[in-house]
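Data block below; observations after.
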């Protein structure tokens, strides 16, 4: 018995010296021939069109996962929604209205950037919009298929973002977007939308987009998806809530968590 006790004590001493990750990895190796569990993917959900108390606003703020609030400037509740999102610990970005190639001009909202503007007018519009949305750490485009393909204008927009310490999320409403290239030239961190959740305002369509999101999450480590308050607000909020409960291998994060560490050091981020 004495020999046994000495052997057991020696084994215990060796185990205590092992790094903590050895024990944590053991369950994955339990089944012979089984592939290891996939690494957790990160999903950032951006919700556009806050600022006008549109349908789904409260539901989005009550979701059990963080959403990024893209707030339109110069609207009745722009400041209120931005403050509320900030108090909840959510990221706030400016949802900058920009002229599209097609679409109803009434959907743009006030303070929009138009292709006919001079550089000085564009700069003024962007600076005013940022001032209207407290706690903003970034910007994305509202509509804007015409503007986001215009290098002259986007160079001004991104220059102001750099001066103000904001990153830019390219909503990717234009196939020929210049944002990634110009952003890289100017040193402005740029992220890109992977999937719109609610282009069609029906539960069946949004459910189909959630299926696509799950597929993306299996294929890539980071995903960005955009939904909206307004007409599809209640449907989208319910779909995001359901998705969060059914995607254990994915982690829902603030948009700023997808920025590279080098970008976070340069930008004005309240959660850093």
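What helices (runs of 4 or more DSSP H) lie completely within the range 182-272 and have 3 or more residues being touching a residue at least 40 places away in the same chain (Cβ under 8 Å)?
203-219, 233-246
What is the number of the single condition among (1) in contact with a helix residue (DSSP H, G or I) (Cβ under 6 Å, 6 or more places away or on another chain); (2) within 30 Å of residue 239 (Cα to Cα); (3) not in a strand (DSSP E or B) that residue 69 does not meet?
The single condition residue 69 does not satisfy is (3).
Take the conditions out of contact with any helix residue (DSSP H, G or I) (no Cβ under 6 Å at 6 or more places or on another chain) and on the phi > 0 side of the Ramachandran plot and apply them to residue 230. Does it pass?
Against the criterion (out of contact with any helix residue (DSSP H, G or I) (no Cβ under 6 Å at 6 or more places or on another chain) and on the phi > 0 side of the Ramachandran plot), residue 230 qualifies.
Given the structure, is residue 255 out of contact with any helix residue (DSSP H, G or I) (no Cβ under 7 Å at 6 or more places or on another chain), at pLDDT below 95 and crowded, with 19+ Cβ neighbours inside 10 Å?
no
Going through the range 142-157 one residue at a time, which ones are closer than 8 Å to residue 174 by Cβ and not in a helix (DSSP H, G or I)?
Within the range 142-157, 144, 145, 146 qualify.
Yes or no: the range 194-201 includes at least one residue that is closer than 23 Å to residue 233 by Cβ, at pLDDT below 95 and either over 16 Å from the mean Cα position of the chain (by Cα) or surrounded by fewer than 23 Cβ atoms within 10 Å (Cβ to Cβ) (or both).
yes
Which of (1) in contact with a strand residue (DSSP E or B) (Cβ under 7 Å, 6 or more places away or on another chain); (2) modelled with pLDDT of 95 or more does residue 172 not meet, given it meets every other one?
Condition (2) is where residue 172 drops out.
Test of understanding: among 79, 84, which residue is free of Cβ contacts under 8 Å to residues at least 24 places away in the same chain, surrounded by 15 or more Cβ atoms within 10 Å (Cβ to Cβ) and either part of a loop (DSSP other than H, G, I, E, B) or out of contact with any helix residue (DSSP H, G or I) (no Cβ under 6 Å at 6 or more places or on another chain) (or both)?
Answer to the check: 84.
For the range 135-163, enumerate the residues that are touching a helix residue (DSSP H, G or I) at 6+ places or on another chain (Cβ under 6 Å), surrounded by fewer than 24 Cβ atoms within 10 Å (Cβ to Cβ) and either at pLDDT below 95 or under 12 Å from residue 93 (Cβ atoms) (or both).
Of everything in the range 135-163, just one residue is touching a helix residue (DSSP H, G or I) at 6+ places or on another chain (Cβ under 6 Å), surrounded by fewer than 24 Cβ atoms within 10 Å (Cβ to Cβ) and either at pLDDT below 95 or under 12 Å from residue 93 (Cβ atoms) (or both), namely 135.
The values are calculated or read from the model by the stated rules, or taken from the named source; none is laboratory data. Treat the numbers as computed from the prediction; the structure is a model and nothing was measured. Virtual Cβ from ideal backbone geometry, glycine too; neighbours counted across all protein chains shown.
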